[in-house]
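Working notes for the structure below.
Please treat every number below as a calculation from the coordinates, not as lab data. Fair warning: this is a prediction, and the values are worked out from it, not measured in the lab. Cβ sites come from the backbone with ideal geometry, for glycine too, and all protein chains shown count toward neighbours.
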Amino acid sequence: MTSLPLSLNGDPTKVADVLGNLDGSTTRFLAALLDQPLKARVILQARRPAVTALSRECCLRMGLAVDDIALVRRSQLITDARDAVISANKVVLDIGHPLMADLDLGTDIPLGYLLSEIEQRREILQRGVRPWSWGCPDPFSTTRASAWRSYLIITSGQPLCHVEEVFHPDVISPPSAASGPKL
């Protein structure tokens, strides 16, 4: 069994440092470190006005007008064996993106697995530390620091989605102070 929190070369903060700059699938990276497959627990998947799910700046970066409709997906990345929460995620997808017709988002398959065969890149927008709270029944959890990041996934030359990931502090130790801004 993999010991927690996860570490690289014996340093648990290095995982958050790598995640903060990762231009690849978070799901595949964490599944490899945990040495087990991961799955998604979809909490919400609904069409919403883009401006209610993203800042105006993010809407512009994604090429969405404030009155455009986007698909909002809130989920947790969980272990396959014990359903242990690894991260809480918010994904806002551009329903007008040409790739959307080919994505089956009705399943509990992580987006990282769904996009694995598609050429893509990530544009990291923000990363750092924030309180762990989303999707957690522990009322004291908001006092625990957690690593997080937000980024765009670019496919076919345009943004497909905006992703926010907040990592459970028992699994991913928050990043070191030198790794980026604390937001």
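With the highest mean first, a sort of the peptides 95-103, 22-30 on other beta-carbon atoms found within 10 angstrom per residue produces 22-30, 95-103. Helices in the chain, meaning DSSP H runs of at least 4 residues, each add -39500 (n - 2.57). Divided by all residues, the mean residue ellipticity at 222 nm is -4500 deg cm²/dmol. Each of ASP23 and MET100 was given a label point 7 Å from its Cα along the Cα-to-Cβ line. The distance between the two points is 2.7 nm. Fully extending the segment from GLN36 to GLU123 would add 28.6 nm, taking 0.36 nm per residue of separation and subtracting the current Cα-Cα distance.
Among SER150, SER75, SER55, the largest mean-square fluctuation in a Gaussian network model of the chain (Cα springs under 10 Å) belongs to SER55.
Dipole magnitude for region 13-179: about 420 debye, using +1 per Lys or Arg Cβ and -1 per Asp or Glu Cβ, origin at the Cα centre. Site pair ALA81 and THR107 shows an inter-label distance of 2.3 nm when each label is modelled 7 Å from Cα along Cα→Cβ.
When each of GLU164, GLU57 is scored by the number of other beta-carbon atoms lying within 10 Å, the sequence from fewest to most is GLU57, GLU164. The GNM of the chain, with springs linking C-alpha atoms under 10 angstrom apart, assigns the highest mean-square fluctuation among VAL15, VAL129, VAL51 to VAL51. Using equal-weight Cα scatterers in the Debye expression, the normalised intensity of the chain in log10 at q = 0.11, 0.13, 0.19 Å⁻¹ is -0.46, -0.65, -1.40.
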